[in-house]
Amino acid sequence: MKLATIRTGGTTRAVRLDGEGLVDLGFPDVGALLGQNGWQELAASAAGTTYPVEGADFAPVVPAPSKVVCVGLNYRNHIQEMGRDLPEHPTLFAKFADCLIGAHDDIVRPDETGKFDWEVELAVVVGSPARRARGAEAEAAIAGFTVLNDITCRDWQFRTREWLQGKMWDSSTPVGPYLVTPDELPGGVRPALDVKLLVDGEVMQSDSTGDLLFDPVDLVEYVSTIVRLNPGDIIATGTPGGVGHARRPERYLLGGETVVTEIQGIGRLENRVVKEKSD
C-alpha cells in the first residue's frame, strides 16, 4: 500500500493511493492511523471519500511524530567524501516535528546561514511500539518507508562537535509524499532502491540504499535500545555522496532553486527553496 496525509478543507486526512484517487481512511493523518491496532487491515479495507491525486496538497506523511531520529555517515561514499573513517556504530542526531514540511511545500532558507545544503534520504516509518527490539520484532516494527530531504545549515552544524543545531531548522525538511509498505518494495524491510537528488534539473546525488552501512532493521534495533519507538516515529537512514558541502568548490542553496528528491518505488519530493521572510 501507499499511504499519505493530505490537506483538504482546512484539515488533514489519511489516505490510500488507489489508481488515480486517494481514498479517505477515516483518520486525520497517517500517524493517527498507525496508532491503531490492525492498522494494515483498516487501511486496506477503508472505502471513504476519494480525492484526486492530481493537485493533492501533501502534508508531511506523519505530521507530528513523537521523534525523528536521523543517522549520519551511513553511506560509504559519503563517509569518504567527508574525509571520515567508517563508524563502528550509527551516528545519531534528531529533528523535531516543526522541521517537517510536505512533499511540495517551500523549503525556507534562513537568513542566518550561508551554507544551506541538500541530503536525499530513505526514511523508516515505525508502525508498532518497539523497545530493545531484535530480529523479527524489529522487522515487524517497520510500517514502511518514505522520502526525506535532510536539509542542513552546514555552518551551524560544524560550529560545535554536536550536529543538532545545523539540522533542526524550522520548516526545512520535506518528507513524503507516501509511506510505502515493505511488501511493495524489492528487499522488503531491507530495500535496495535507487535514490536521487536534483537541483534545477542537475543530478547531485545518485546511489542505492544497498550501500547503507546500517540497514533499516539494524537502525530499529539500535535506536530502540536507547529509546522507545512509537507508531509514526521516523528514522532517516542517512545520505549518499554528492552533498554540496563536499564539492570543490562548495555549492549551496541560495534561494530560488527547485530541489527534486526521489526514491525508486516510493515517490518524489519537489520543493522550491525560498528565502525566509522578515517578520
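Here, each number is a calculation from the coordinates, and none is a lab measurement. Remember, predicted model here, so these are calculated numbers, not experimental data. As a convention, Cβ positions derive from the backbone with ideal geometry for all residues, glycine included, and neighbour counts pool all protein chains shown.
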Environment charge at residue 180 (Cβ cut-off 15 Å; Lys +1, Arg +1, Asp -1, Glu -1): -2
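Could you calculate the contour length gain from residue 270 to residue 91, that is, 0.36 nm times the residue separation minus the distance between their Cα atoms, to one decimal place in nm?
On the way: separation 179, 0.36 × 179 = 64.44 nm, distance 2.75 nm.
Roughly 61.7 nm would be gained on extension.
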Candidate lysines for bridging to residue 277, where Cα separation is under 23 Å - those fewer than 8 sequence places away on the same chain excluded: 95, 115, 167
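Can you check what the net charge comes to around residue 64, using other residues whose Cβ is under 12 Å from the Cβ of residue 64 (Lys, Arg +1; Asp, Glu -1)?
Values: positive: 67; negative: 29, 98, 233.
Once all neighbours under 12 Å are counted, the net charge is -2.
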The chain: antiparallel DSSP beta bridges as a percent of all, rounded to 5: 90
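Cα gyration tensor of the chain, axes a ≥ b ≥ c as square roots of the eigenvalues: rounded (a/c below 1.5), prolate (a/b > b/c) or oblate? Before the final figure, lay out each step's value.
Values: a/c = 1.70, a/b = 1.24, b/c = 1.37.
Here the chain falls in the oblate category.
Place a +1 charge on the Cβ of each Lys and Arg in the chain and a -1 charge on the Cβ of each Asp and Glu, then give the dipole magnitude about the Cα centre in debye, rounded to the nearest 20. The partial results should precede the final answer.
On the way: 27 positive and 41 negative charges, 115 e Å.
Computed about the Cα centre, the dipole is about 560 debye.
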Set of aspartates and glutamates near residue 67 by C-alpha distance (under 17 Å), chain-local residues within fewer than 8 positions excluded: 29, 98, 121, 150, 170, 221, 233
